[in-house]
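Read through the structure below, which is laid out as structure tokens, and then see the notes.
Throughout, read-outs are computed from the coordinates displayed, never taken from laboratory work. Everything numeric in this text was worked out from a predicted model, so none of it was measured. Ideal geometry is used to build each Cβ from the backbone, glycine not excepted, and the neighbour counts take in all protein chains shown.
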Amino acid sequence: MRIGLFGGSFNPPHEGHRAASLFAMKRLGLDRVWWLVSPGNPLKDTRELPSLGKRMAAARARARHPRIDVTDVEAQLCTRYTVDTIRGLSRRCPRVHFVWVMGVDNFVDFHRWRAWRDIFALVPISVVDRGGVGLGALGRPAAEAFRRHRLPESAARRLAISKPPAWVLLHGLKSAVSSTTLRQKIRSRGG
């Protein structure tokens with residue numbers, strides 16, 4: 001089984017999350033994508049974060065695909081950081097080939113994540129470019145540190161069975177929507 005792990009606050013979930021999941025599923029040959037709805041991102045202000053239950057319900061309504069599973073696994077595992085979540089899932093599901101799926105906008109700051117080098121050592125990583133940002137990400141610290149472990153995009157279907165560290169930058173998805181932009185629009189309308 002090849003499963004993509006797509007983590008985030010999903011505040012709010014949007015069509016870009018779904019599109020990136022389906023894109024990664026197809027390009028990487030994944031059986032499923034799990035949306036890991038975070039109880040709270042340690043790098044973000046969570047004071048106005050809707051409840052986990054509300055975000056889970058909204059994510060389920062948005063996912064609308066039989067191979068996208070919306071989970072609160074971080075709450076179940078009592079993990080706060082991605083590295084701990086991946087370790088917990090790897091222990092619970094030793095026969096599963098996990099791939100961390102992330103948007104290029106998050107990869108740009110990946111070096112700020114706790115134990116980001118350990119994440120590279122634990123699981124292959126797929127970085128989905130949402131429309132032109134990707135080349136700028138290649139000069140960032142995480143891309144530089146693991147430059148020699150980057151697979152060519154033509155080898156993307158091998159990523160799930162590649163020994164970490166391994167990563168690929170996927171191009172072709174065009175989606176400019178972001179949760180940040182959607183929250184700003186909601187605030188500006190007074191909602």
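Once you list every other residue whose beta carbon is under 12 Å from the beta carbon of Val99, what net charge do they have if Lys and Arg are +1 and Asp and Glu are -1?
Summing Lys/Arg as +1 and Asp/Glu as -1 gives +4.
Can you tell me the length gained on complete extension of the stretch Asp69 to Ala121, counting 0.36 nm per residue apart and subtracting the Cα distance?
16.2 nm is the gain from fully extending Asp69 to Ala121.
Computed over the chain with a Gaussian network model linking Cα atoms closer than 10 Å, the most mobile of Glu144, Glu48, Glu153 is Glu48. The angle between the Cα long axis of helix 179-188 and the longest principal axis of the Cα atoms of the chain comes to about 20 degrees, rounded to the nearest 10. Only Cα pairs within less than 10 Å get springs; with that Gaussian network setup on the chain, which residue of Arg67, Arg148, Arg32 has the largest fluctuation? Of Arg67, Arg148, Arg32, the most mobile in the Gaussian network model is Arg148. With the convex hull drawn over the C-alpha atoms of the chain, the volume per residue is 115 Å³. What angle do you read, to the nearest 10 degrees and between 0 and 90, between the alpha-carbon axis of helix 52-63 and the longest principal axis of the chain? With rounding to tens, the tilt is 70 degrees. Relative to the current alpha-carbon distance between Arg148 and Thr46, full extension at 0.36 nm per residue lengthens the span by 33.1 nm.
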